Amino acid sequence: MSASASPVLITGASQRVGLYCAERLLDDGHQLFITYRNEREGIKRLVKRGAVAIQADFSGESGILAFIDELKSHTESLRAIVHNASEWLVETPGAEAPVFQQLFNVHMLAPYLINLHCADMLRRSAPADIIHISDDVVRKGSARHPAYCASKAGLDSLTLSFAATFAPQIKVNGISPALIMFNAEDDAAYRAKTLEKSALGIEPGPQVIYQSLRYLLDNPYVTGTTLTVNGGRHIK
């Protein structure tokens with residue numbers, strides 16, 4: 001993807017995969033807008049390199065709409081929107097509904113409203129892309145985390161719907177990862193058990209998501225597709 005006069009927006013870019021992809025886009029010469037919920041060292045690093053950071057609360061409609069207004073005050077066009085912001089919450093007895101609502105808001109309502117309200121900004125760029133970061137758990141469901149899984153499945157459905165709605169001016173695709181990076185606190189037993197779940201058996205690192213992102217941005221003939229990046233879990 002050659003550098004564009006219009007900036008790229010990545011939501012949830014303060015750490016891990018989002019931070020890595022943001023840094024790589026800056027390396028490639030792109031103007032960049034990033035969102036964060038809690039300021040981390042990664043945000044300071046990105047801002048120092050020229051990214052525009054906007055604090056955003058995607059847990060409810062008012063926060064999402066406030067972010068959209070703030071974004072529009074900074075730019076009239078966008079080359080791409082990468083919906084990376086994510087929430088990890090566990091349902092506990094008696095508190096299932098609030099958890100489900102917050103996961104729905106972050107994983108579905110925020111992309112839905114941002115896509116609708118920013119479509120004209122994308123149409124001012126050619127080419128233009130929307131990319132939803134989903135989760136491979138959607139493929140088989142989750143007995144332990146049904147609310148998280150359901151909200152990510154809804155995001156996959158939005159990929160198809162928006163691809164049909166916005167074609168041909170805007171391509172809309174998704175990326176569905178499984179284990180990409182361990183957390184520092186993950187012990188050896190957990191790491192070994194997790195690696196056994198995939199056919200390739202490796203911790204690939206965030207570069208594989210950036211490679212997938214670049215493929216979707218660069219290819220002019222792909223829309224309505226979700227790339228599975230799971231090391232072959234589905235064949236294990």
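Of the DSSP H helices in the chain, those with a Cα length along their own long axis of 18 Å or more and a mean Kyte-Doolittle hydropathy reaching -1.0 comprise 110-123, 146-166.
Exactly which GluC sites (Glu not before Pro) in the range 27-126 are in a DSSP loop and have at most 12 other Cβ atoms within 10 Å?
Values: sites: E39, E41, E61, E70, E76, E87, E91, E96; in loops: E39, E76, E87, E91.
Hits after loop and neighbour filter: E39, E76.
What pairs in K48/K197; K72/K152; K48/K140 have C-alpha atoms more than 31 Å from each other? Pairs exceeding the cut-off: K48/K197; K48/K140.
So, in Å, what gap is there between the alpha-carbon centers of the range 214-236 and the range 112-186? So the separation of the two Cα centres works out to 12 Å. The phi-based Karplus calculation (6.51 cos²θ - 1.76 cosθ + 1.60; θ = phi - 60°) puts the 3J(HN,Hα) values of the range 178-186 at 10, 2, 10, 9, 6, 8, 4, 7, 5 Hz, whole numbers, x for Gly and Pro. Of the three principal axes defined by the Cα atoms of the chain, the extents in descending order read 48, 39, 38 Å. Expressed as a fraction of 2.2 N^0.38 Å, the C-alpha radius of gyration for the range 1-65 is 1.09. Grouping the Cα pair distances of the range 40-140 into 5 Å bins from zero gives a pair-distance distribution of 2, 11, 18, 21, 20, 14, 8, 4, 2, 0 percent in increasing distance order.
By the beta-carbon count within 10 Å of each Cβ, the least crowded to most crowded order of I54, I43, fewest first, is I54, I43. Loop-located trypsin sites (Lys or Arg not before Pro) in the range 137-229 (DSSP state other than H, G, I, E, B) with a sparse environment of at most 16 neighbouring Cβ atoms within 10 Å: K140, R144, K197.
So what is the relative contact order of the chain, in percent, for Cα pairs below 8 Å that sit 6 or more residues apart? Numbers along the way, then the final one.
Working: 413 pairs, mean separation 43.1, N = 236.
It comes to 18 percent, rounded to a whole number.
Sites listed here are chymotrypsin sites (Phe, Trp or Tyr not before Pro) in the range 203-236 whose DSSP assignment is loop and whose Cβ has at most 11 other Cβ atoms within 10 Å: Y221. Between D136, D187, D69, the Gaussian network model of the chain with springs among Cα atoms under 10 angstrom shows the greatest mean-square fluctuation at D187.
Taking all pairs of distinct Cα atoms, average 1/r, flip it, and tell me the Kirkwood hydrodynamic radius of the range 86-220 in Å to one decimal place.
16.6 Å
Which order do the peptides 223-233, 175-185 take when ranked by the mean count of other beta-carbon atoms within 10 Å per residue, highest first?
On the way: 223-233: 18.3, 175-185: 15.6.
Going from most to least packed, we get 223-233, 175-185.
Quick check on packing: order 19-29, 105-115 by the mean number of other C-beta atoms within 10 Å, highest mean leading. List each step's numbers first, then the result.
Values: 19-29: 19.2, 105-115: 22.4.
Ranked from most to least packed, the peptides come out as 105-115, 19-29.
All of the numbers you see were taken from the coordinates with simple rules; none came from a lab. Just so we're clear, the structure is a prediction, and the values are computed from it rather than from any experiment. FYI the Cβ positions are ideal-geometry reconstructions off the backbone, even for glycines, and counts take in every protein chain you see.
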